[in-house]
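Everything below concerns the one structure shown next.
The values are calculated or read from the model by the stated rules, or taken from the named source; none is laboratory data. Treat the numbers as computed from the prediction; the structure is a model and nothing was measured. Reconstructed Cβ throughout: ideal geometry from the backbone, glycine too, with neighbour counts over all protein chains shown. Side chains are part of the model used for accessible areas, which takes the heavy atoms of the whole protein and leaves out ligands, DNA and RNA. Shrake-Rupley method; radii C 1.70, N 1.55, O 1.52, S 1.80 Å.
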Amino acid sequence: MYLLKYMKCFPWVGLLWVSFLLENIVASEESSTQRSLTCSGDCLDASVEQELKTKCPDVNRNILVGYTPTGNLSAGKYERITDGDNSTESCVRQCCGRATCNYVFMVNETCFVLTCNQGPDPCVPVKLPEGKVVGGIIKMVLVRSPTKESDTCEVGLEETQCKTNEICSRVNARSRNGLCKCREDFIVNPEGQCVNPGSMADGDQDESMTSTSQTTSMPVVASSTKKTVRQLEVSVEDKNVTLPSNEVALFVHASPSAPRENPYSYEWRLISHPTEDTTEGTKEGQMTDKLRLQGLKQGSYVFQVVVKGVGAYGTTNATVTVFPENRTNLAPLAKISPAEQTVQLPTASVVLDAVGSTDDQKIVSYKWELQKGPIEYTFNPTKTVNSTTLQVENLIPGNYTFKLTVEDAGHLTNSTTANITVIKETDYPPTAIAGKDVVIYLPTTEVTLNGNSSTDDKKIVSWEWKATGESNQAADMQDTHTPYLKLSHLQEGLYQYELKVTDEAGQSSISNVHVFVKKNSGTPPKASAGADQSFSLPQTWTTLDSSNSTADTRIVKWQWVQLKGPTNATIQNPNEAKANVTGLTKGDYEFQVEVEDDAKLSAKSTVKVTVTQKTNKPPTAHAGGERTISLPSTVALFNGSLSTDDVMITNWKWDREPESSAAGVVIGDSDTTPILQLTSLVPGKYVFKLTVKDEQGLASEDVATLNVKEDPLKKDLIEIVIDIRMDSLKEADLEKFLHQMSFLLHDTQLVFDRMQSQLNTENAVLILHGTDDARSVIEGSKLASELRRRLRQDVNLLQFHIISIDTVLCLDSCSGHGTCHDSAVHGRQCVCHAFWMENFLKMKFGNGERNCEWSKVYVGVITCLLLLMLFALLWSLVFLFRKNLSNLKANLSTKPTANGISSSARGNGKRHYSKKQYTLLDDDEIELECKSDPLSEDDEAEFEDSDSDVLFETKQRPNSRKINGNSKKFPLPSSNGHHHHSRNGILKPPRRVKT
C-alpha cells in the first residue's frame, strides 16, 4: 500500500516499478491468441465492446488478469495515459482512439497503451507464474491485432538472426523457435536498441526511465541502481486559426524553472496533421521553447513537446485547429499562356496553357474552342476537352483565335482568347526549328529542347539559344551553342526559349519554344486493352491493341503481361501499344496492359483470349534419334522436348527396349518427363522408346539410341589416393595440391579429370593423366612409375600424404610371366603363371611394383641347396662340439702324477700305468703264447679286478664259429660270468682294457 501511494505522488516511480517487474519475470508458458479465449473471467462491459466494434473490430472483452507481453519491454512502445477515470473501459477507449495502439496494459489503476513495433509474437500475452505478481494487479486487453512481422529467431542462431546485444529467447520449452530479446543487464533505449546502461548519456537514461504521454517507450531498469528523475509540469496553450491566416506560435512553460547554469532542452514533434496537408507546413524553432508554424491548412494539428533537464523530464501535447475562411464566391479568371504566338512552318503545332487561370475556390471545368481559323483547317479537341492544356497540331498558314472558358464549383464562368499566327516557310534563309512546345509535370524539373530539325539549303554553321518571354523564373541552361538545349531546375510556370540559327551566308532564322511546367493534375489515364478475342487452332498467335487508351496529357509507357493461361505465351514488343502474342494453345488466356502518362500516373486494363480446337491431331514424338558419347561422362540425356502436338502433350513415358543394355540408372522420375536422365553408364548400347499422349489420349512413339564408348584415355589415367576424406577436401586445397604435384614432374603437365571417393576409407581419389611438351598423352603406367620415383625423392613436398599412386586400369606387365587382376577382397595383384612367382624382395624393399620375376624351379633348387648347406654346417658344428666335449671330460677324469700312476690306481694299492691312447684289436689279430701252466693266481686276481677298472670289453661272441670251413664251439661262460674263448685248444678269457 505504501508503494501504491508513492506511485500516485511520483508517477515515474510507477514506471520504474513496472520496468523492474517485467525485467525480472520469466514467463513459464505461452498463452493462446486472444481470439481463442472466451469471456470466462473478468470482462469488459458488453456496451463498450459494441461501441468500439466499428472502429476497432478486433477488440476483445476478455480482461487478462496476471498477463504480460511475451517480449516484455521489447514488445513495443508503451504510453502512459493520464486522461480518463483510471478504469479499464476508459483505457480501452483511449487505445481504440489511437491508430497504432494494439493492447491495453493496466498496473493497478495506471493505464498504459502498447504499440507492437516488432510484430505480433512479442506482444502475445503470457500468464505470470504464481507468486511473481507483487505490489499490485496487472491486466491486458486486446484492442487491435498487430499486423507487423515479428523478430523471430531460432535458438543457437542469434548472431545471424538477432540484432546487437540480443539473444534468442525460447517461446516454449519444447520448441527451438524464439524471439529476439536484450541480453541480461542490457536495456532498450528510445530507438529500440539494446544498450548497456553505463554507455548511455544522462539525457538518454532520463528518457529511458521516464514515460511520455504519447510516444515515449516503456521505461527499463537494467540494474538495482535507480536514478532519481524529477517530473516537470509542462503546459502549452492550444491555438485556433481561421484562414486565410495560416501562421501561429506555440509557447511552452515548464515548472519549476530551469537553473541558469543548466537550462532545459526542448524538442517539438508532429503527432498528426490534416490529410490534405502533404507538406505539413513550415516549422521554426523546433529545438526551442517557441515553435512558429507557417503554411497551415484547414484541419487539426497535434504537436508534442519534450522538455529535458539534468534529472528532470516532462512532456505534453498541444493542438492547433485551422478553420476555413468565411467568404463569398467570386467568378474565376481565365488566362491563356501565351496569349499571342507566332510559328513558322514546318512547325505545325503549338501548346496553349490555362494553368494561369485562377479562382477563389477551385476551377472544375476548362472548355477550348476555335473561334477563328483558316477554312481548310479542322479543329479536333477530343483529347483536351477538359484539360488545362490545349495542344494544337497540323496547323496550316493563317491566323487562329482560340477561346478558353473556365467554370468554378459555383458554376460561375469566365472566358479569354489567344491568337496564333502561322507563317509560311521561306525558301532561302535557314529555318530554325526549336521543337514542339513541351509540357512536363512536377516533380520532373529537367528537359532537353531539340533544335536539330532546323534546316538550310546549304549548311547551318551557328546555333544560339536564349531565354525570352515574360517569365521571371530562372532555370539552368547548358549547351546553348548546340542543337540541344539542356534545361534543369525548372519551376512551375511558363518558359519561352528562342533558337537562332545562322547559315554560311550569314542569314539567320529564329524559332521559339515554350516549356510548360505544371503541377500534377492527379487524374490518371484510362487504359484500354481492347475487346476480348476468340479463335481456333491451328492459329497460335494474336495481336493485342491498347491504342485506344487515353490520358489528359499523353501516354509515354505501355507494359503487357500475361495473367492467366494454360501455358506461358511469348509476348513480343511488350512495351508498345500493340503487342504480338505467340505460342498459344487450347484454353483461356488473360493479358493485362498498364499505361503511364507524363505525370507518372498509371492505369491498367485486361483482355481475354480464348483458343478453341475443332479437330484433334495426334502428337508427333521425337525422342532425339541416335547419338554417341564417350566415358567418363556419367550422365546422359535423352531429349524428347522437340515432340509436338496441335494443342499440348500431357503425358511422357520412356521405356527401355529389350535390346538395350541393362546398365544405367534412371534419375528420379525423369522417365515421365520430356528429358530422360540416365546415370551410372558403362560402355554399351542404350535404347529407349518415348511414348507421348495428348489430352484426348492420342499417342505417338519414337525410339532413341545412345552408344556409349570406352574412355579413350582410360589406359592412360592414373589415380592418386590422398590421406584426406573427400567431404573435407576444399577447392583451394585441391588446387594447391595439384600445383605441388606439378613440381614433381617438371617436363610433364598433369591434367585433372575428376575426383571420387574410395570405397572403404572414403579418402579422396584424384583421377588425372599427363601430357608432354608436344601435348601427347603419356602412358599411364609410365606416369605412375615416374611419380612414385619422384615422390620418394621429395617426400615432404606435398601438403597431403599420398597413400598410393597407380593406374586406373590394371595394366601391370607382371614381368611377362603373369596377368594383372583386380580383386575386391585382395585388391590389385599379379596372378603369375604356373612356374613363376613374385619377387617379394623387390615388392617390399624395392620400387614396390607388382611382378612375376622368380622361376619356381630355380627358387626350389636354390632353396634345397641352401637347406643342404645349412644342414651340413649345423652337423659340423654339432660334431665339433661333441668331440671337444669328450676330450674335455677325459682330460678332467684322468690326471697323471709324478711317477706316472694315476690317483685311482694308487688308492687301490695296485700299480697301473696310464696310457694316452688305446687301440682295440680284432680277435683274429691277437697272438697269444702257449703256456703249459695255467694262469697264476696273481694273474687271475689281476684279471678278476673289479668292473670299475674296466674301460673297454669285447662283446660276447656266439658259441660256434666257422674257421677254415670247420665249425668250432666256444666254451660257455664261466661261473663268474666271463666268456673264455678257446683257440688251438687254449682257452682265452675275454679281453679287457683297464685303467
Handout entry: Residue count for the range 556-576, restricted to those that are open to solvent by less than 60 Å² (accessible area, probe 1.4 Å), outside any loop (DSSP other than H, G, I, E, B) and within 26 Å of Ile440 (Cα to Cα)
Key = 2
Handout entry: Filter result (more than 39 Å from the chain's Cα centre (by Cα) and surrounded by fewer than 17 Cβ atoms within 10 Å (Cβ to Cβ)) within the range 791-809
Key = Leu791, Arg792, Gln793, Asp794, Val795
Practice task
Tell me which residues, restricted to the range 513-555, are open to solvent by less than 60 Å² (accessible area, probe 1.4 Å), touching a residue at least 60 places away in the same chain (Cβ under 8 Å) and closer than 23 Å to Thr567 by Cβ.
Solution key: Ala529, Gly530, Gln533, Phe535, Ser536, Leu537, Thr540, Thr542, Leu544
Exercise for the section: Might you check whether a residue that is open to solvent by less than 60 Å² (accessible area, probe 1.4 Å), of a type in the set (Ser, Thr, Tyr) and touching a strand residue (DSSP E or B) at 6+ places or on another chain (Cβ under 6 Å) occurs anywhere in the range 721-741? Expected result: no
Problem - Out of Pro69, Pro57, sole residue that is open to solvent by 50 Å² or more (accessible area, probe 1.4 Å) and closer than 17 Å to Ser145 by Cα - result: Pro57
Handout entry: Members of the range 674-709 found to be farther than 30 Å from Lys614 by Cβ and either assigned to a helix (DSSP H, G or I) or not aliphatic (A, V, I, L, M) (or both), listed by number
Key = Gln677, Thr679, Ser680, Pro683, Gly684, Lys685, Tyr686, Phe688, Lys689, Thr705, Asn707, Lys709
Practice task
Find the residue count for the range 263-277, including only residues that are open to solvent by 40 Å² or more (accessible area, probe 1.4 Å) and of a type in the set (Asp, Glu).
Solution key: 2
Exercise for the section: Please indicate, with yes or no, whether at least one residue in the range 631-652 is touching a His at 6+ places or on another chain (Cβ under 6 Å), free of Cβ contacts under 8 Å to residues at least 24 places away in the same chain and either farther than 25 Å from Val777 by Cα or not hydrophobic (A, V, I, L, M, F, W, C) (or both). Expected result: yes
Completion exercise
With the first residue restricted to the range 711-733 and required to be under 14 Å from His801 (Cα atoms), and the second required to be part of a helix (DSSP H, G or I) and open to solvent by 20 Å² or more (accessible area, probe 1.4 Å), Cβ contacts under 9 Å at 6 or more apart or on different chains are Ile724/Asp733
Exercise for the section: Considering (1) polar (S, T, N, Q); (2) farther than 30 Å from Lys578 by Cβ; (3) in a strand (DSSP E or B), say which one Ser534 fails and leave the rest. Expected result: (2)
Exercise for the section: Determine the pairs where a residue that is over 30 Å from Val236 (Cα atoms), located within the range 319-331, has a partner that is exposed (fewer than 13 other Cβ atoms within 10 Å of the Cβ) with Cβ atoms under 9 Å apart, the partner being 6 or more residues away or on another chain. Expected result: Arg327/Pro244
Exercise for the section: Evaluate the range 305-317: report whether one residue or more is under 60 Å from the mean Cα position of the chain (by Cα), more than 30 Å from Val229 (Cα to Cα) and either open to solvent by less than 30 Å² (accessible area, probe 1.4 Å) or not β-branched (Val, Ile, Thr) (or both). Expected result: no
Practice task
For Ser781, state whether it is open to solvent by 50 Å² or more (accessible area, probe 1.4 Å), closer than 30 Å to Ile722 by Cβ, of a type in the set (S, T, N, Q) and touching a strand residue (DSSP E or B) at 6+ places or on another chain (Cβ under 9 Å).
Solution key: no
Completion exercise
Subset of the range 474-489, residues touching an Asp or Glu at 6+ places or on another chain (Cβ under 8 Å), part of a loop (DSSP other than H, G, I, E, B) and over 30 Å from Lys459 (Cβ atoms), comes to His489
Handout entry: Boolean, Thr819 is among the hydroxyl-bearing types (Ser, Thr, Tyr), over 23 Å from Phe737 (Cα atoms) and open to solvent by 70 Å² or more (accessible area, probe 1.4 Å)
Key = yes
Practice task
Could you tell me whether any residue of the range 127-139 is modelled with pLDDT of 80 or more, in a strand (DSSP E or B), hydrophobic (A, V, I, L, M, F, W, C) and more than 24 Å from His273 (Cα to Cα)?
Solution key: yes
Completion exercise
Residue hits (the range 214-262; at pLDDT 90 or above, part of a loop (DSSP other than H, G, I, E, B) and surrounded by 11 or more Cβ atoms within 10 Å (Cβ to Cβ)) are Asp238, Glu247
Practice task
Of the numbered conditions (1) under 30 Å from Leu296 (Cα atoms); (2) open to solvent by 70 Å² or more (accessible area, probe 1.4 Å); (3) among the hydroxyl-bearing types (Ser, Thr, Tyr), Thr342 fails exactly one; give the number of that condition.
Solution key: (1)
Handout entry: Criterion violated by Leu395 - all others in (1) over 25 Å from Gln491 (Cα atoms); (2) open to solvent by 30 Å² or more (accessible area, probe 1.4 Å) satisfied
Key = (2)
Problem - Lone qualifier among Ala599, Ala579 - being open to solvent by less than 20 Å² (accessible area, probe 1.4 Å), assigned to a strand (DSSP E or B), over 25 Å from Ile649 (Cα atoms) and touching a Phe, Trp or Tyr at 6+ places or on another chain (Cβ under 6 Å) - result: Ala579
Handout entry: Complete set of residues in the range 767-815 that are hydroxyl-bearing (Ser, Thr, Tyr) and assigned to a loop (DSSP other than H, G, I, E, B)
Key = Ser776, Ser813
Practice task
Can you confirm whether the range 649-665 contains a residue that is over 30 Å from Asn520 (Cβ atoms), modelled with pLDDT under 90, surrounded by fewer than 18 Cβ atoms within 10 Å (Cβ to Cβ) and not small (Gly, Ala, Ser)?
Solution key: yes
Problem - Complete set of residues in the range 470-505 that are modelled with pLDDT of 90 or more, open to solvent by 50 Å² or more (accessible area, probe 1.4 Å) and more than 21 Å from Val517 (Cα to Cα) - result: His481, Lys500
Practice task
Could you tell me which residue of the range 845-876 is most open to solvent (accessible area, probe 1.4 Å), considering only residues that are in contact with a strand residue (DSSP E or B) (Cβ under 8 Å, 6 or more places away or on another chain) and over 30 Å from Ile803 (Cα atoms)?
Solution key: Lys856
